[in-house]
Amino acid sequence: MVYLLVFIAVAAMTAAQLLLKKGLHVVGAFPGRLSDLLPFFLKAYTNIYIISAVLLTIVTALAWILAVSKTQLSFLLPIHGSVLCACGVVLPIPI
């Protein structure tokens, strides 16, 4: 069960980061002027990719909290690192 939770946390965070990157490509770069901040954030937080990224980040946090509550962190972190490395080898996606 702990292994599944760690896998869910890593997969959800990886997907969230990819969706966030895709959403920011659609929305555009962070504005340099203060007056452009509100329109930027309104556009960003109505973008489906960014909304999905935020929701997946919540899933990540919940899965990680459940995993940490079931075992010691010193046991989880090596597994977490191994799963991250495996994702990087299996899914080499250039951004």
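Derivation of every value follows stated rules applied to the coordinates shown; laboratory data play no part. These numbers come from a predicted model, not from an experiment.
If you bin the C-alpha pair distances of the range 2-90 every 5 Å from 0, what whole percents do you get?
For the range 2-90, the pair-distance distribution reads 3, 15, 19, 17, 14, 11, 9, 8, 4, 1.
For LYS43, go through the lysines and keep the ones whose alpha-carbon is under 27 Å away, minus same-chain ones fewer than eight residues off.
Cross-link targets: LYS21, LYS22.
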